[in-house]
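Report on the structure given below.
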Amino acid sequence: MSALEEQIRSAARQYLENGDVSVVIGYERGPKGKVRPAFVHQADDAERLVWSPECNLNLVTYLHNYKHSPRRGVPVPRVAVVVRPCDARAVNLLLHEQQIKRENVKVIGVTCAGSEVDGELRQACTVCQERVPVIYDVLVEPEQPVEVPEAQDDYGDVAEMESWTPGERLEYWAKEFDRCIRCYACRQACPGCYCFECVAEQVFPHWTSIALELPEKYFFHVMRAFHLAGRCVGCDACEVVCPMDIPLSKLNRMLAKEVEALFGYHTGDDPETLPPLATFSPEERLRL
């Protein structure tokens, strides 16, 4: 057991023993040895919790299951959640959008050296300068400081695509989106996708059909990307869970780069700063 695992288990055990929370959301190993989300309700079960580079999902999305009272007369559940630095910014996003209340959430922040997908370090992790969560109640740290990569272009992975012609970009995304089976795994894994009824499935008004033709696939992915503009925290959970290996993070990062260039805004750095696409200032002037 690593030092990080012991710190996570200790924090979870203490929260549950003290009655501070009713559940701790973290990671465990399933029957086949793979890491999966875990929901720990008893202090003795804190031993199930693990931590490794395989912990590549954003557990903040599960807070949506605990943000309302389960029934009349019962208070909103208090929960604890294990987060990486990118996940922590999703907590700030939900705080600002009034989806959760800070007093109901305990944040176990993990100093992160990067997460892996199929044994390979995520591309975003290779340039990430953010190794400590921006918000936490308990900070889990390794014995040795986490090495931060040399500063470089955070959006170097989308630079090549920006040099393409519109026709070349259209051809690229048409090929990628054509593999989509509209399983909506990307939507379910994203903490920023919490609409009670998704536009993609709305009957009235009817925005799009449930067909598996390319135009419908285009509509879903482009619509979702625009809904996340200025809100995506770059956790890449959508891409991790995609069964068709569509590079969804690249699409999200292209919009994130535009928002950062236009407004100087980095999603989730704090819960007070207003997202640019959710606000309006009469003095605002865009470079068009």
Note on region 112-129: residues surrounded by 16 or more Cβ atoms within 10 Å (Cβ to Cβ), free of Cβ contacts under 8 Å to residues at least 60 places away in the same chain and part of a loop (DSSP other than H, G, I, E, B) are Cys112, Cys128
Residues that are in a loop (DSSP other than H, G, I, E, B) and either in contact with a Ser or Thr (Cβ under 9 Å, 6 or more places away or on another chain) or buried (at least 20 other Cβ atoms within 10 Å of the Cβ) (or both), drawn from region 15-41:
Val21, His41
Within the group Tyr155, Tyr136, which residue is closer than 20 Å to Leu255 by Cα and aromatic (Phe, Trp, Tyr)?
Tyr155
Could you please tell me which pairs satisfy a Cβ distance under 7 Å, a separation of 6+ or placement on different chains, a first residue in region 272-284 that is in contact (Cβ under 8 Å) with a residue 24 or more places away in the chain, and a second residue that is of a type in the set (Lys, Arg) and surrounded by 14 or more Cβ atoms within 10 Å (Cβ to Cβ)?
Pro275/Arg231
Residues (closer than 24 Å to His96 by Cα and touching a Ser or Thr at 6+ places or on another chain (Cβ under 6 Å)) located in region 233-253
Val233, Asp236
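Out of the residues in region 50-84 that are touching a residue at least 12 places away in the same chain (Cβ under 8 Å) and among the β-branched types (Val, Ile, Thr), which is farthest from Arg253 (Cα to Cα)?
Val76
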Taking first residues from region 189-203 that are in the same structural domain as Ile100 (by TED's automatic domain parsing) and second residues anywhere that are of a type outside the set (A, V, I, L, M), the pairs with Cβ under 6 Å that are 6 or more apart or on different chains are none
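Of Ala237, Ala200, which residue is modelled with pLDDT of 90 or more, among the aliphatic types (A, V, I, L, M) and surrounded by 11 or more Cβ atoms within 10 Å (Cβ to Cβ)?
Ala237
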Looking at Asp44, Asp87, which is the one that is without any contact (Cβ under 8 Å) to a residue 40 or more places away in the chain and either acidic (Asp, Glu) or buried (at least 22 other Cβ atoms within 10 Å of the Cβ) (or both)?
Asp44
So for region 67-75 (the condition being surrounded by 14 or more Cβ atoms within 10 Å (Cβ to Cβ) and either part of a helix (DSSP H, G or I) or modelled with pLDDT of 95 or more (or both)), does at least one residue qualify?
no
Wholly within region 208-270, helices (runs of 4 or more DSSP H) carrying at least 1 residues that are under 17 Å from Arg84 (Cβ atoms) and touching a residue at least 40 places away in the same chain (Cβ under 8 Å):
237-241, 248-263
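The values are calculated or read from the model by the stated rules, or taken from the named source; none is laboratory data. Everything numeric here is computed off the predicted structure, so don't read it as measured data. Because the Cβ atoms are built from the backbone with ideal geometry, glycine has one as well, and the counts that use them run over all protein chains shown.
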